[in-house]
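The values are calculated or read from the model by the stated rules, or taken from the named source; none is laboratory data. Just so it is clear, the structure is predicted and the values come from calculations on it, not from any experiment. All Cβ positions, glycine included, derive from the backbone under ideal geometry; neighbour counts span all protein chains shown.
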Amino acid sequence: MHLFFVAWLSLLFAALTAAAPEDWTNAQRLARSLPPSRPKLGRILPGYVRSPVTSGAKRSAPPSASPRPSPSKKYEGRIQVVSYDGEPLGYLRNWATGSVSGVNYGGPSSELHVSLTVPSSGKGLVNILATNPSFPAPYYIGTTTSATLAPGSPSAVGFGNVENTPPLSPPVPYANQSDESDIWTFDPNTKQLKAHYINPDGSSANTAIVYNIWNNSIFFVGDVDAYNKAVTDPDYLVSPVTFYLADLG
């Protein structure tokens, strides 16, 4: 019996010492009053499989940040008035009375200077702000009266200095006027400015900029021919003109 017990202890000792201490489990180490093993770096967590990376293989680049939209661009200059046949007539005036609604036939000091800010897309309606006004506020320029512009109609709306109004808004009463300011589109390539009047019912009007040379007056109509047919005095006939943003002189 004594020999059997000694043999059993020998077998148990051999089994326990078969693995080197560094390969023992933490349970085996704790059973021998040893501290747990230090974690081995580079081990894969349970449930995860490390994808092999072949030599020379490129790792995926991190996703690039989304490009920021280009900022809006500010333009400054003066507004050149060009006749229907392409002849420059001059620049918008800047008068203490009579505001901007005509061509300047005086010196450079009587020319209107303006600024406008165009969205990064180059599209959408913009305001035009007078930057050297000789007239009292408000300092935006746009339509000053309320009427319905339409094909076949002789109706007209005035042009002058106006309050700042929302895009696509019908005329907004202000003092003795009905104003629209945010009516302009600007082509950065040609520098042309076009007007887009909104009728009192909220509909968009085909808007022509016209000029009466006899009284040096600029305003807007929906149908040039219909307007001229309704005129009884030939001095008040109008012709279409185009606005362009020109550099400051």
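Cβ-Cβ below 9 Å, separation at least six or inter-chain, first residue in region 73-99 and more than 17 Å from residue 217 (Cβ to Cβ), second surrounded by 13 or more Cβ atoms within 10 Å (Cβ to Cβ) and of a type in the set (Lys, Arg): which pairs?
The qualifying pairs are 75/191; 77/191; 80/191.
Would you check if residue 182 is out of contact with any helix residue (DSSP H, G or I) (no Cβ under 8 Å at 6 or more places or on another chain), at pLDDT 95 or above and either surrounded by fewer than 16 Cβ atoms within 10 Å (Cβ to Cβ) or not charged (D, E, K, R) (or both)?
Working: out of contact with any helix residue (DSSP H, G or I) (no Cβ under 8 Å at 6 or more places or on another chain): yes; at pLDDT 95 or above: yes; either surrounded by fewer than 16 Cβ atoms within 10 Å (Cβ to Cβ) or not charged (D, E, K, R) (or both): no.
Considered against the rule, which asks whether it is out of contact with any helix residue (DSSP H, G or I) (no Cβ under 8 Å at 6 or more places or on another chain), at pLDDT 95 or above and either surrounded by fewer than 16 Cβ atoms within 10 Å (Cβ to Cβ) or not charged (D, E, K, R) (or both), residue 182 comes out as no.
Could you grab me the full set of residues in region 140-179 that are of a type in the set (S, T, N, Q), within 15 Å of residue 197 (Cβ to Cβ) and touching a strand residue (DSSP E or B) at 6+ places or on another chain (Cβ under 9 Å)? Give the steps one after another, and end with the answer.
Taking region 140-179 first, the residues of a type in the set (S, T, N, Q) are 143-146, 148, 153, 155, 161, 164-165, 169, 176-178.
Of the ones still in play, those that are also within 15 Å of residue 197 (Cβ to Cβ) are 143-146, 148, 153, 155, 165, 169, 177-178.
Passing the criteria: 143, 144, 145, 146, 153, 155, 165, 169, 177, 178.
It is to be established whether one or more residues within region 120-139 are within 17 Å of residue 195 (Cα to Cα), modelled with pLDDT of 95 or more, surrounded by 15 or more Cβ atoms within 10 Å (Cβ to Cβ) and more than 25 Å from the chain's Cα centre (by Cα).
There is no residue in region 120-139 that is within 17 Å of residue 195 (Cα to Cα), modelled with pLDDT of 95 or more, surrounded by 15 or more Cβ atoms within 10 Å (Cβ to Cβ) and more than 25 Å from the chain's Cα centre (by Cα).
Name the one entry in 197, 211 that is out of contact with any helix residue (DSSP H, G or I) (no Cβ under 9 Å at 6 or more places or on another chain) and farther than 23 Å from residue 166 by Cβ.
Numbers: 197 fails: farther than 23 Å from residue 166 by Cβ.
So the residue among 197, 211 that is out of contact with any helix residue (DSSP H, G or I) (no Cβ under 9 Å at 6 or more places or on another chain) and farther than 23 Å from residue 166 by Cβ is 211.
Which one is surrounded by the most Cβ atoms within 10 Å (Cβ to Cβ), of the residues in region 219-249 that are over 30 Å from the mean Cα position of the chain (by Cα) and aliphatic (A, V, I, L, M)?
We begin by selecting, within region 219-249, every residue over 30 Å from the mean Cα position of the chain (by Cα); these are 223-240.
Filter once more, keeping what is aliphatic (A, V, I, L, M): 224, 226, 230-231, 237-238.
On the way: 224: 16, 226: 15, 230: 13, 231: 13, 237: 15, 238: 21.
Once the filter is applied, the top-ranked residue is 238.
Among the residues of region 206-214, is any touching a Leu at 6+ places or on another chain (Cβ under 6 Å), surrounded by 16 or more Cβ atoms within 10 Å (Cβ to Cβ) and closer than 21 Å to residue 239 by Cα? Talk me through it step by step, then tell me what you get.
Our first condition is that a residue be touching a Leu at 6+ places or on another chain (Cβ under 6 Å); within region 206-214, this holds for none.
Checking region 206-214: not a single residue is touching a Leu at 6+ places or on another chain (Cβ under 6 Å), surrounded by 16 or more Cβ atoms within 10 Å (Cβ to Cβ) and closer than 21 Å to residue 239 by Cα.
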